[in-house]
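Below: one structure, written as structure tokens.
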Amino acid sequence: MLATPDGDRDAALHYLTHLAERASAAETSSAVAEILTKVAAPVHGMLPLTREVIVRAWIAASKLHDAAPGVEPEPLARLGSTADSLSEAARVVLRARNHAARPTQPPTAAPAPARRSP
């Protein structure tokens, strides 16, 4: 969905807005899990795709500045740590998704106290 041609930025923004609205209106754990899957799915989730953009931009910028890995200017070096942070964020979101996807167990009622005869 986010692989839109240049100029279709509005479609991507609309999609994100739609997901936010769905999250606000979610009435079941499975609905929340579905939304979180779209955010963090390993290949086509928004966080992994965003991470890929950051990594590619980091590599390109490093090449353009003739910077060896580990010797990049601070802003470029931070792109690498940002990519790591996005990976960790995706893992956290997927763990939350897995938790939300578990069937909820209704609370068990406490047994009624035994009646005594007068």
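The values are calculated or read from the model by the stated rules, or taken from the named source; none is laboratory data. Bear in mind the structure is a predicted one, so any value in this text is a computation, not a measurement. Using ideal geometry, Cβ is built from the backbone for each residue, glycine included, and neighbour counts are taken over all protein chains shown. Note: areas computed on protein heavy atoms with side chains; ligands, DNA, RNA excluded. Shrake-Rupley method; radii C 1.70, N 1.55, O 1.52, S 1.80 Å.
Quick one: is residue 8 surrounded by 10 or more Cβ atoms within 10 Å (Cβ to Cβ), among the acidic types (Asp, Glu) and modelled with pLDDT of 90 or more?
So residue 8 does not fit the description; no.
Could you check, for region 71-81, whether at least one of its residues is at pLDDT below 90, part of a loop (DSSP other than H, G, I, E, B) and open to solvent by 90 Å² or more (accessible area, probe 1.4 Å)?
The answer is yes; a qualifying residue exists.
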